[in-house]
Structures are given as C-alpha cells and as structure tokens.
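These notes concern the structure reproduced below.
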Amino acid sequence: MLPPLVLAFLAIAIVEVPLEQWTLLYLCRRFASPPHESNTTMLAADAGWWLRGTFSSPIIFPDANWETCSKIKDIQALTAKWAMLSAMIVMIPSLFTMPFFTSLSDVFGRRPFFIIGCTVICSSFITIVCISAFNLGLWPLLLARLANGIFAGGGILVSNMATVFITETSSILERSTVLVRLQACITVVMAVGPFIGGVLAKKIANSDHIFLISIGLFALSFIFSVLFLPESNAAVRKAQRRRARIAAAARCLDGNEAQPLISDDDALTPEEQPKVVTVASVFSQLIDNLRVVFRLSGTRSFLLLVIAQQLLGFGESGRGVFFYYCSYLFGWDSLIEGEYKLIDSTSNLVYMLALFPALQQLYASMQKDPRRKLVFDLSVVKVTFVCAAVIFALLAVANSTAFIFVLRAIEGFGPVTGIVAFSIMTNTMSPEHHGALLSGVTLLSTIAMIFSSLVYPYVWSRTVGTSVPNAFLIIGAIIVALSAVLVQFVRADDLPLDPSALEAVADDDSLASTPTAGAESAA
C-alpha cells in the first residue's frame, strides 16, 4: 500500500505551497492597479454575480510579485473568497457522494477507488497548467474542483481507502500502531514535499513546471496501483477468486481437461453477496453510516468522543487561511511556508515514531490486554486534546515567526490524536462496520469542514487590515478549548470492546501458549 500512497501524497505535497501562491498571484496580476502607495488597491467595479477572475481577464500588473501582492488587503480578501468557493464546490457534493463510493468499494473493492481518487486530484493540476497557458479564467478550475467533489473529494477518497485498507488487514491489538506508522510515512512525505515545493517556487519563475512534476508523480502512483496494489476487501477477493476458478473450470471443460476444484471456502455468505447500488440505497447507506457512528456503540462516551473529535477538526480548520494571514502580517513567502511545514511534519514524526512508541514500550504489559490498551489510548487522546487547546490559544496571539515556529515544533501530536481516537472507535465494533464507521465520521468531518470553509475565509476577508486580523484564530481557539473539555468526560469503562475481537485475542494467546506448554511437558 505504501508506494502508491506515498507517491500520491508527495504529488499533493509538492504543489501545496505553490498552489496557495498561484491563486493570489493570478488574481493580483489581473486586478491590482499598479503602482499602489499603500496596502490597499484600486479594484475594478463590481464584476456582477460572479467573482473576479472567473472568466478571462487581461493582465494589467505583469510585474506583480509575491512581496507586493501579499500586502494588498483587497487581493487577500478576494483570494479568501476564492478559497471559500473552491472548498464549497468540493465539499458539498462529496457530502452526498462519499457514501455512494463507500458502498461501491464494498462491491468492487478498495483499490479501484484509490486509483479514481488519485486521477481526479491530478486532473485539477492539469487544469491549472491549462489556465496559465491559455488565460482561460478560473472557471475550468471550478469544473475540476466540482469533479473532485463529485468523486468524494478526491483526497478524502484516497485517504479513506488507505485507512480502510489498514483496518481490514490488521488486528485489534496492532491497529493503532499500524495506523500510526502509516501516518508517519505520510508525514515524512508531507514534511519533504512542501519544503521542496517552497524551494522550487522560490527558484523557478514559472510555477507550472512544479505542477508538471506533480502530474508525473500521480502517473507513477497510477501505474504502481494498477500493477502491484492488492485488494484488501476480503469479500471482493473471495468473489474474484471464485470467478477465476469458475472461468478456469469452463476453459478446462471446453478442452476436455480435469477441472480445478472450487472450494466451499470461496462461496460468498449472504452478507458478502454484492449489493445493487442505487440512489435510494446511497441515501439509505448515508443514514446507516450515521447510525453506526451515533447508535451502534450506544454509549455516551462514544458520542462525546465523536463530537470532541469533530469540534477539534472544526477549530483547527482555520489553518486553511493561515498562510495568507502570515504572509500579510509577517511577510511569509513560499520558502518560509515550506520551512514551517517541515518543522510541523518533523515534530509529528518525533511524536509518532519516538514518543508514542516509547510510551507503548513503557506500558508494554497492557499491549496484550485490550481493556488496558483502551485505557492507555484514551489517556493519550485526553492529554493531547488539552495540549492542542493551549497551543492553539498561544498561536492566536503569536506576534512573530519565531514564536509560531516554536509552537509548531511542540505541537506534533495532532496526527497521533486523530489516529488513536479512530482506533478507539473501531475497537468498539466488529470489522464489517469499520467502513461504515469511517464513512460516517468522514461525513461529519465534511459537514464541519463545509461550515469552517465558510466561516474562516469570510472572517479573514472581513478582518484583514483591521486591528483584529487574528479573529479567525481566536474563534478556532475557543472551539478547540471546548473540544478539550468535552473529551475529559469520556470514560473507558463506558466504551464496550468488540466481542469477536476479544475472542480472536484469546485464541491467539492460547495458540501462543501451546508450544510452551508442550515444551514444558517434554522437559
């Protein structure tokens, strides 16, 4: 799973910083009136019901550079509106299509939809290259983003398929560890990628070349996925194996040869039989996924954990305009943003690969006891929520780049928090519900992201150039603090563990003890 996933995330990471700069510079070169004498600009009269930049516009400020454009508050506000519109176009369709593709992945497997997600993201980068080459306006990018949303958010689809792949191929005891390691590999890529992208954006005059590099990486991921990525869905593998044996038997029958044996193990159970996917079934699946999240566990602690996780994600979503905020106040450019993300990701790695495993080794005795393991995981989640609230509050009042860098160096536990919280949720239900759980949680996260994509860019567009440009960070800090308070009321004894998983652990322990017992008897 790692090679295609790493290539896909590297392709996304490399263009993360250049893409943020590309939008602002595109708008600045067409709508900023040179020369300007302050941090305001003379914009043309209102363009009508559409945003400026939607259709082809002549370049009136060809010499505009990042240092100039990032200080123009009207351009910052216009860029924030485009960020808001772009996010809405992706998230609203994905809110309804994610259950559809989750259902289809139960029938056709995880691998095809991992490939589809990568392809859709790649199409957005191809569109950006075409917009720059032919001065089409930003409407083709809106269409590409709409396609991204129709195909369940593209990146969300890729991430979900990768996560389900891990949960389907790992046991209850090792799941959180494996997920953390997977996230660590992604974090390495996300650490190196933005830094490389920032350096390239600083060195290469034409940013389109960076998008071409990303397109090439997606092509490699596509090839690797088609040729080497296995299927993790057990029911799909069984159906594929059975179809292959039936086809082989038919070929042998035509050639009067001995027919291969079709094992009863390959017969599909009623639960594994492919289901017909319709619009009605999609909305039914949507309700079922939410039911899995809110009712299947049936405990107050489970609900509090879900709500706290969503509030944490909503509160921290203000980082979407954080780069524009820092570029306006502190003069950040692509290289500084790349360094910031490198520090952030390096800190994440330290927590995931050093501190979290060290804690697990320190409490190694509990690793074979699912209930004690749950208590340990929940303690990690509670502590990291509180730390996140404190650090985000400090971030809201940070007044220098150095202070922001120090905070990001400390706050590296974010990925561990989300992964361990999701691992706790999966441990409360049988594996066949994990896909629905992930889809339901993703649905709630998408709803939260839709609201945050409306709130934070709008607040930034209204407060840029005022005495409270950090208003969006203050709002986020309050919400993160609320999530930290809620998660403290989650109790381990109120989270029931999956009985089938407990039986599997007991069976593993009995098998592991059998050779020892035999050796003692022989002695």
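The values are calculated or read from the model by the stated rules, or taken from the named source; none is laboratory data. Everything numeric in this text was worked out from a predicted model, so none of it was measured. In this analysis, Cβ positions are derived from the backbone assuming ideal geometry, glycine residues included, and neighbour counts consider all displayed protein chains. For the accessible areas, the whole protein counts, side chains as well, though only heavy atoms, and no ligand, DNA or RNA atoms are used. Shrake-Rupley method; radii C 1.70, N 1.55, O 1.52, S 1.80 Å.
Which is assigned to a helix (DSSP H, G or I), open to solvent by 20 Å² or more (accessible area, probe 1.4 Å), under 30 Å from residue 27 (Cα atoms) and among the hydroxyl-bearing types (Ser, Thr, Tyr), of 317, 327?
317
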Just one listed residue, out of 134, 165, 151, is more than 18 Å from the chain's Cα centre (by Cα) and among the aromatic types (Phe, Trp, Tyr), and it is 134
Does any residue of the stretch 74-84 turn out to be under 30 Å from the mean Cα position of the chain (by Cα) and open to solvent by 50 Å² or more (accessible area, probe 1.4 Å)?
yes
When the residues of the stretch 189-227 are narrowed to those that are assigned to a loop (DSSP other than H, G, I, E, B) and of a type in the set (Gly, Ala, Ser), which ends up surrounded by the most Cβ atoms within 10 Å (Cβ to Cβ)?
207
Does the stretch 407-417 contain any residue that is within 30 Å of residue 101 (Cβ to Cβ), in contact with a Phe, Trp or Tyr (Cβ under 6 Å, 6 or more places away or on another chain) and not acidic (Asp, Glu)?
yes
Listed residues 42, 88; which is closer than 30 Å to residue 438 by Cα, at pLDDT below 90 and surrounded by fewer than 21 Cβ atoms within 10 Å (Cβ to Cβ)?
88
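Residue-wise test of (1) in contact with an Asp or Glu (Cβ under 9 Å, 6 or more places away or on another chain); (2) modelled with pLDDT of 80 or more.
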{"site": "119", "(1), (2)": "no, yes"}
{"site": "128", "(1), (2)": "yes, yes"}
{"site": "136", "(1), (2)": "no, yes"}
{"site": "148", "(1), (2)": "no, yes"}
{"site": "151", "(1), (2)": "no, yes"}
{"site": "179", "(1), (2)": "no, no"}
Scan 117, 109, 137 and give me the residue that is of a type outside the set (Val, Ile, Thr) and more than 21 Å from residue 231 (Cβ to Cβ).
137
Answer yes or no: is there a residue in the stretch 338-349 that is open to solvent by 30 Å² or more (accessible area, probe 1.4 Å), in a helix (DSSP H, G or I) and over 30 Å from residue 81 (Cβ atoms).
yes
Residues of the stretch 466-501 classified as at pLDDT below 90 and open to solvent by less than 70 Å² (accessible area, probe 1.4 Å), total:
8
Quick one: how many residues across the stretch 366-389 are open to solvent by 20 Å² or more (accessible area, probe 1.4 Å), closer than 17 Å to residue 348 by Cα and touching an Asp or Glu at 6+ places or on another chain (Cβ under 9 Å)?
1
